[in-house]
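Presented below is the structure to which this report refers.
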Amino acid sequence: MEINLKDLDPKQIYKLMISAIVPRPIAWVSTISKEGILNAAPFSYYAGVSSSPPVVMISIGKKDTKEKKDTWKNIEEIGEFVINLVTYELVDQMNITSISFESEIDEFEKAKITPKPATMVNAPLIAESPVNMECKTYEIVNIGKMGVIFGEVLNIHVKDDILNNKGYIDTTKLEIVGRLGGANYCLITKENTFQLKKPDIE
Ligand SMILES: Cc1cc2nc3c(=O)[nH]c(=O)nc-3n(C[C@H](O)[C@H](O)[C@H](O)COP(=O)(O)O)c2cc1C
C-alpha cells in the first residue's frame with residue numbers, strides 16, 4: 001500500500017504521521033505568563049536537535065479558537081521554559097494539563113502538581129518530575145500553522161541516584177512514558193530495554 005499525502009486531508013495526515021513517528025518522547029513543558037500565571041502542557045512533537053549547543057525543539061499548534069496555545073504564547077513573551085520528563089506515576093496529571101484551559105487558569109493547581117523555582121529561568125520546574133531541563137528560546141520558526149520552538153538547555157536537574165558513573169541518566173530506574181498514535185502510550189521499563197553493542201565488522 002502506498003499513500004500519496006496529496007490525496008489526504010490534514011486530519012488523516014496527522015493520524016498517519018503520529019502513528020509512524022513512534023515512540024515519541026514527551027516534553028511536559030512548564031511556563032509562566034507575563035501576568036505570572038503558571039502553565040503546563042505535554043508536547044510529543046519534540047526532539048533533541050543538537051548537543052553543541054544543547055538545543056531541543058518542540059512543535060506547538062493553535063487552539064480551536066485559532067489563537068496560539070498558551071505554552072507558545074508564554075514562550076514567545078517570556079523567552080524561557082522548562083521541559084519535565086513524564087514518568088508512569090505522573091500520567092494522569094500530565095493528561096489533565098493537556099486540557100485546553102483558559103489562559104487565566106493555573107494548570108499547576110488544576111493538575112495538583114508542585115511548582116519549584118528554577119535556577120536560571122523564571123518558568124517553574126514541576127517538582128514531581130525526576131528530570132527538568134531549564135531552557136531559553138534559541139529561535140522560533142513558523143511552519144504552516146505550527147510554531148516550532150528551539151530552546152537552548154541551560155541547566156538540568158536530575159533526581160539523586162539516577163545518574164550513573166558513565167554520566168548517563170539511568171532510564172531503567174525511571175518509568176518514562178512515550179507517546180504513540182491516538183490514545184496509545186508506551187513505557188520504558190528495565191524488562192523491555194536492551195543493549196546493542198557496535199558491530200565489529202572490518
Ligand atoms: C501526550 C501528548 C502530546 C501532545 N503533543 C502535542 C504537540 O506535540 N503539539 C501540540 O500542539 N499539542 C500537543 N498536545 C496537545 C496539547 O498538550 C494541548 O493542546 C494543551 O492543551 C496545550 O496547552 P496550553 O494551551 O496550555 O499550551 C499533546 C497532548 C498530549 C496528551
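The values are calculated or read from the model by the stated rules, or taken from the named source; none is laboratory data. Predicted model only: the values in this text are computed from it and were never measured. Heads up, the Cβs are rebuilt from the backbone with ideal geometry, glycines too, and the neighbour counts pull from every protein chain shown. These area figures cover heavy atoms from the full protein model, side chains too; ligands, DNA and RNA do not enter into them. Shrake-Rupley method; radii C 1.70, N 1.55, O 1.52, S 1.80 Å.
Distance from the alpha carbon centroid of region 148-193 to that of region 119-145 works out to 16 angstrom.
Each eigenvalue of the Cα gyration tensor of region 62-107, multiplied by 5 and square-rooted, gives one semi-axis; in descending order these are 21, 15, 9 Å. For Tyr185, the amide hydrogen comes within under 5 Å of the amide hydrogens of Leu180, counting only partners 5 or more places away or on other chains and with H modelled in the peptide plane. Couplings 3J(HN,Hα) of region 107-113, computed from phi: 6, 5, 5, 4, 8, 6, 10 Hz, in residue order, whole Hz [Karplus 6.51 cos²θ - 1.76 cosθ + 1.60, θ = phi - 60°; x for Gly and Pro]. Is the shape of region 21-187 best called rounded, prolate or oblate, per the rule: a/c under 1.5 gives rounded, else a/b larger than b/c gives prolate, else oblate, with a ≥ b ≥ c the square roots of the Cα gyration tensor eigenvalues? Here region 21-187 falls in the rounded category. Let me have the relative contact order for the chain, percent, based on Cα pairs under 8 Å that are six or more residues apart. 23 percent. The amide H of Glu80, built 1.01 Å from its N in the peptide plane, has Thr137 as neighbours under 5 Å, considering only residues 5 or more places off or on other chains.
Please say if region 132-202 is rounded, prolate or oblate, where rounded means a/c under 1.5 for a ≥ b ≥ c the square roots of the C-alpha gyration tensor eigenvalues, and otherwise the choice is prolate for a/b larger than b/c and oblate otherwise? Cα axes put region 132-202 in the prolate bin.
For a paramagnetic label modelled on Ile143 (point 7 Å from Cα along Cα→Cβ), amide N atoms under 13 Å away belong, within region 1-31, to 17-18, 21.
Calculated accessible area for the chain comes out at 63 Å² per residue, all protein chains present (probe 1.4 Å; ligands, DNA, RNA ignored).
Remark: region 74-81, residue by residue, has Karplus-estimated 3J(HN,Hα) of 5, 5, 4, 7, 9, x, 9, 7 Hz, where x stands for each Gly or Pro and the curve is 6.51 cos²θ - 1.76 cosθ + 1.60 at θ = phi - 60°. Per atom type, the chain shows carbon and sulfur on 53% of its accessible surface, probed at 1.4 Å. Around the amide H of Val29, modelled in the peptide plane, lie the amide H atoms of Ala41, Phe43, Asn84, all under 5 Å away and 5 or more residues distant in sequence or on another chain.
The sum of -39500 (n - 2.57) across all DSSP H runs of n ≥ 4, divided by the residue count of the chain, sets its helix-only mean residue ellipticity at 222 nm to -4000 deg cm²/dmol.
How much net charge surrounds Tyr138 when only the other residues with a Cβ under 15 Å from the Cβ of Tyr138 are counted, with Lys and Arg +1 and Asp and Glu -1?
Computed value for this residue: -4.
Restricting the calculation to alpha carbons of region 104-158 gives Rg and Dmax of 13.4, 35 angstrom.
Post the alpha-carbon centroid distance, region 13-36 to region 71-109, in whole angstrom. Using only Cα atoms to place each centre, the spacing works out to 11 Å. Over region 1-88, Cα pairs under 8 Å with separation of 6+ residues give a relative contact order of 29 percent.
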